[in-house]
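Engineer: Next up is a structure, given as structure tokens.
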Amino acid sequence: MRWKGRRESGNVEDRRGRTAKGMVGGGIGSIILILAIYFLGGDPTQLINNVQLDGTSTTSSYEGTAEENELAQFVSVVLAETEDVWTEIFRQAGQNYKYPKLVLYTGSVQSACGLSGAATGPFYCPGDYKLYIDLSFYDELKTKFKAPGDFAMAYVVAHEVGHHVQTLLGINEKVNSLRSSVSEKEFNKYLVRLELQADYLAGVWAHYAERTNLLEEGDLDEALNAASAVGDDRIQKSTQGYVVPESFTHGTSEQRKRWFYKGFKSGNLEEGDTFGAENL
Ligand SMILES: [Zn+2]
């Protein structure tokens, strides 16, 4: 990707080097939360185990390697490019695009969605409008997922931004409201549609990235390869040796790749209705 010299986003929160660890029990707020869960009939023990505060909120800046810092710069440029594209798409629809924040972290991180460890991978939390990325995922993409290249990482950022767009459009909330009324198996089907739509939206962004001459030879293939590398079937096969389609939450390699490509070709929001699509 031709990213050097381009605008970096002002919406990056660098929490690298700060491990989200803290006191078990985590203060009055979490006690109230635990009680609330208890009265709602839930099992609060899981929360008790997970509730930790970002206790070490020092402001000392993280000294990464040159390579790490370049990667941080890179994702910041990608975020800025998504800001420009989505601002314009929302504007054309007569809406305001509210920017998400990108939190860079190492190890574990506290978000409105709870405490997340290194194994979580990049994620978006609708509760605080933030994307969370441990930059070591870039190496993981390369080695574990066999999806090297900077545009593979750009796809990952754009996919998480896609979840932010879904949140602004109210789609996330609609899907989540179904969680308690349908079976897990049924709910997973909605999750797959949600994830494939985020892939589509990442593709829409890439469509405009190409127009602004950001893409280099091979970039599109890097993204398609990454989308297919994180398909549920591929991941299940490599981690457990067999595939359980009912447990899919993100879609198959083929589906993920296809919806990204569809968004890339079209650049148009209307064609990304994975919920209305008969065949995914
Ligand atoms: Zn996702």
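Engineer: Being open to solvent by less than 20 Å² (accessible area, probe 1.4 Å), of a type in the set (K, R) and at pLDDT 95 or above is true for just one of R193, R211, R256. Which residue is that?
Structural biologist: Testing whether each residue is open to solvent by less than 20 Å² (accessible area, probe 1.4 Å), of a type in the set (K, R) and at pLDDT 95 or above leaves just R256.
Engineer: Consider region 184-204. How many of its residues are of a type in the set (S, T, N, Q) and away from the ligand (no atom under 12 Å from the Cβ)?
Structural biologist: 1
Engineer: Right, another one. Considering (1) at pLDDT 95 or above; (2) loosely packed, with under 12 Cβ neighbours inside 10 Å; (3) among the hydrophobic types (A, V, I, L, M, F, W, C), say which one W86 fails and leave the rest.
Structural biologist: (2)
Engineer: Which members of region 129-152 meet the condition of being in contact (Cβ under 8 Å) with a residue 60 or more places away in the chain and at negative phi?
Structural biologist: Those that are in contact (Cβ under 8 Å) with a residue 60 or more places away in the chain and at negative phi: K130, L135, Y138, L141, F145, A147, P148, D150, F151, A152.
Engineer: Can you pull out the residues in region 208-228 that are out of contact with any Ser or Thr (no Cβ under 7 Å at 6 or more places or on another chain), away from the ligand (no atom under 12 Å from the Cβ) and in a helix (DSSP H, G or I)?
Structural biologist: Scanning region 208-228 gives Y208, A209, E210, R211, D219, L220, D221, E222, A223, L224, N225, A226.
Engineer: Hey, another quick one. Sort out which residues of region 160-175 are within 11 Å of the ligand (Cβ to nearest atom) and either polar (S, T, N, Q) or open to solvent by less than 10 Å² (accessible area, probe 1.4 Å) (or both), and write them in order of number.
Structural biologist: Passing the criteria: V161, G162, H164, Q166, N172.
Engineer: Related question: Can you name the residue in region 124-156 that is open to solvent by less than 30 Å² (accessible area, probe 1.4 Å) and in contact with a strand residue (DSSP E or B) (Cβ under 8 Å, 6 or more places away or on another chain) and is also farthest from the ligand (Cβ to nearest atom) among such residues?
Structural biologist: Here the residue is L135.
Engineer: Here is a further query. So, of the residues in region 259-280 that are acidic (D, E) and modelled with pLDDT under 95, which turns out to be nearest to the chain's Cα centre (by Cα)?
Structural biologist: This residue is E270.
For every residue, the table says whether it meets (1) closer than 28 Å to A93 by Cα; (2) outside any loop (DSSP other than H, G, I, E, B); (3) hydrophobic (A, V, I, L, M, F, W, C).
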| position | (1), (2), (3) |
| --- | --- |
| R234 | no, yes, no |
| T239 | no, yes, no |
| T249 | no, no, no |
| Q255 | yes, yes, no |
| E271 | yes, yes, no |
| G276 | yes, no, no |
| N279 | yes, no, no |
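The values are calculated or read from the model by the stated rules, or taken from the named source; none is laboratory data. The model shown is predicted, which means the values in this text are computed figures rather than measured ones. Every residue, glycine among them, receives a Cβ derived from its backbone with ideal geometry; neighbour counts consider all protein chains shown. Surface areas here come from the heavy atoms of the whole protein model, side chains and all, with no ligands, DNA or RNA. Shrake-Rupley method; radii C 1.70, N 1.55, O 1.52, S 1.80 Å.
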